[in-house]
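Undergrad: Shown below is the structure under consideration.
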Amino acid sequence: MLEIENLTAEIDGKTILNGLTLTVPAGEVHAIMGPNGAGKSTLSYVLGGRPGYEVTGGSVRFDGPNGDCDLLDMEPHERAAAGLFLGFQYPVEIPGVSNVQFLREALNSQRKARGEEPLTGGEFLKLAKEKSALLKLDPEMLKRHVNVGFSGGEKKRAEMVQMGILDPKFAVLDETDSGLDIDALRVVGEGINSIMRSPDKAVLLITHYQRLLEVVKPDKVSILSQGRIVQTGGPELAVRLEEEGYDAVMAA
């Protein structure tokens, strides 16, 4: 579903990704772990098309709704319409815009781009309530401005509600476990499983810790260091990293 080949990228003239190669097939949850400064967030931003990150080499192929496409040739909104979702480590606040307004506009914009009919107000509210219940988020919170006054856990659950509503083919989740307590971690993890565990979907899950992977059990785990994948294994690799640390595991 996603094939990254020899990807290099920089920001402000500094190379961050340095020949990164990775393939994530449909039906797979692939976890990315690595020390601070390894390039994990940069990878997510490059895939999402965030301005300021310059791709200097390599390719990213994505299996979109119209077949295989070059992700790097697409604008951010085109990537979203093709089924790519980016979850942020720190979800942004949007004062003056309610969650309901934001989510309905986002969904219907994507549906329009795919040639689908927009959802009516009633249809959208039914969908929003269903996904809110999945993440144990009070539907009344959807009437509030996007993330304004939300706790860290509420922001992450609201973002997972957004993912459920948009129903992407491929989710890039950048440290979704950041700032979550034990209960919120389980709710968010189970939400990821419910929304994205499917033979025709895939997830690239970026995390520092093994605790989220106890809920969202990955099929593969890769270590990202100095801008490239240096080791890949099964779920047991995350356990080793938790017990031994990056230096010991990478040196073995």
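Undergrad: With the requirement that a residue be loosely packed, with under 15 Cβ neighbours inside 10 Å, among the charged types (D, E, K, R) and farther than 18 Å from L142 by Cβ, what does region 88-126 give you?
TA: Answer for region 88-126, where residues must be loosely packed, with under 15 Cβ neighbours inside 10 Å, among the charged types (D, E, K, R) and farther than 18 Å from L142 by Cβ: K112, R114, E116, E117.
Undergrad: Give region 61-92 a look and list any residue that's closer than 27 Å to A158 by Cα, part of a helix (DSSP H, G or I) and of a type outside the set (D, E), or say none.
TA: L71, P76, H77, R79, A80, A81
Undergrad: Looking at the structure I just gave you, is L142 free of Cβ contacts under 8 Å to residues at least 24 places away in the same chain, surrounded by 15 or more Cβ atoms within 10 Å (Cβ to Cβ) and among the hydrophobic types (A, V, I, L, M, F, W, C)?
TA: On the way: free of Cβ contacts under 8 Å to residues at least 24 places away in the same chain: no; surrounded by 15 or more Cβ atoms within 10 Å (Cβ to Cβ): yes; among the hydrophobic types (A, V, I, L, M, F, W, C): yes.
So L142 fails the test.
Undergrad: Criterion first (part of a helix (DSSP H, G or I), modelled with pLDDT of 90 or more and not aromatic (F, W, Y)) does L107 satisfy it? If you could, list the steps in order and put the result at the bottom.
TA: Details: part of a helix (DSSP H, G or I): yes; modelled with pLDDT of 90 or more: yes; not aromatic (F, W, Y): yes.
Taking the combined requirement at face value, the residue satisfies it.
Undergrad: If you don't mind, another one. Within region 157-192, how many residues turn out to be among the small types (G, A, S), touching a residue at least 40 places away in the same chain (Cβ under 8 Å) and either in contact with a Lys or Arg (Cβ under 7 Å, 6 or more places away or on another chain) or surrounded by 21 or more Cβ atoms within 10 Å (Cβ to Cβ) (or both)?
TA: First, pick out the residues of region 157-192 that are among the small types (G, A, S): 158, 164, 171, 178-179, 184, 189, 191.
Those left that are additionally touching a residue at least 40 places away in the same chain (Cβ under 8 Å): 158, 171, 178, 191.
Going one step further and asking which of them are either in contact with a Lys or Arg (Cβ under 7 Å, 6 or more places away or on another chain) or surrounded by 21 or more Cβ atoms within 10 Å (Cβ to Cβ) (or both), we end up with 158, 171, 191.
Residues that pass the stated criteria total 3.
Undergrad: Name the residue, out of V215, V249, that is surrounded by 15 or more Cβ atoms within 10 Å (Cβ to Cβ) and closer than 17 Å to K156 by Cβ.
TA: Numbers: V249 fails: closer than 17 Å to K156 by Cβ.
Checking each option against the conditions leaves just V215.
Undergrad: So in region 127-139, with the set limited to residues that are closer than 16 Å to F102 by Cα and either of a type in the set (K, R) or in contact (Cβ under 8 Å) with a residue 12 or more places away in the chain (or both), which one is surrounded by the fewest Cβ atoms within 10 Å (Cβ to Cβ)?
TA: K129
Undergrad: Name every residue in region 53-70 that is free of Cβ contacts under 8 Å to residues at least 40 places away in the same chain and hydrophobic (A, V, I, L, M, F, W, C), in order of residue number. Before the answer, list the steps.
TA: Our first condition is that a residue be free of Cβ contacts under 8 Å to residues at least 40 places away in the same chain; within region 53-70, this holds for 66-70.
The one that is free of Cβ contacts under 8 Å to residues at least 40 places away in the same chain and hydrophobic (A, V, I, L, M, F, W, C): C69.
Undergrad: Of everything in region 4-60, what is within 27 Å of M196 (Cα to Cα) and either in a helix (DSSP H, G or I) or among the acidic types (D, E) (or both)? Give them in sequence order.
TA: If the condition is that a residue be within 27 Å of M196 (Cα to Cα) and either in a helix (DSSP H, G or I) or among the acidic types (D, E) (or both), then E5, E28, K40, S41, T42, L43, S44, Y45, V46, L47, G48 are the ones that fit.
Per-residue answers, yes or no, for (1) out of contact with any His (no Cβ under 7 Å at 6 or more places or on another chain); (2) surrounded by fewer than 15 Cβ atoms within 10 Å (Cβ to Cβ); (3) at pLDDT below 95:
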position: M1; (1), (2), (3): yes, no, yes
position: L7; (1), (2), (3): yes, no, no
position: E10; (1), (2), (3): yes, no, yes
position: K14; (1), (2), (3): yes, yes, yes
position: T23; (1), (2), (3): yes, yes, no
position: H30; (1), (2), (3): yes, no, no
position: N36; (1), (2), (3): yes, yes, yes
position: K40; (1), (2), (3): yes, no, yes
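Undergrad: Further question: Any residue in region 33-52 that's within 14 Å of G227 (Cβ to Cβ): show its pairings with residues that are assigned to a loop (DSSP other than H, G, I, E, B) at Cβ separation under 7 Å, as long as the two are six or more apart or on different chains.
TA: These pairs meet every condition: A38/Q226; G39/G227; K40/G34; S41/Q89; T42/Y53; Y45/Y53; V46/Y53.
The values are calculated or read from the model by the stated rules, or taken from the named source; none is laboratory data. The structure presented is a predicted model; accordingly, all values stated were derived computationally and were not measured. Note that each Cβ is placed from the backbone with ideal geometry, even for glycine, and that neighbours are counted across all protein chains shown.
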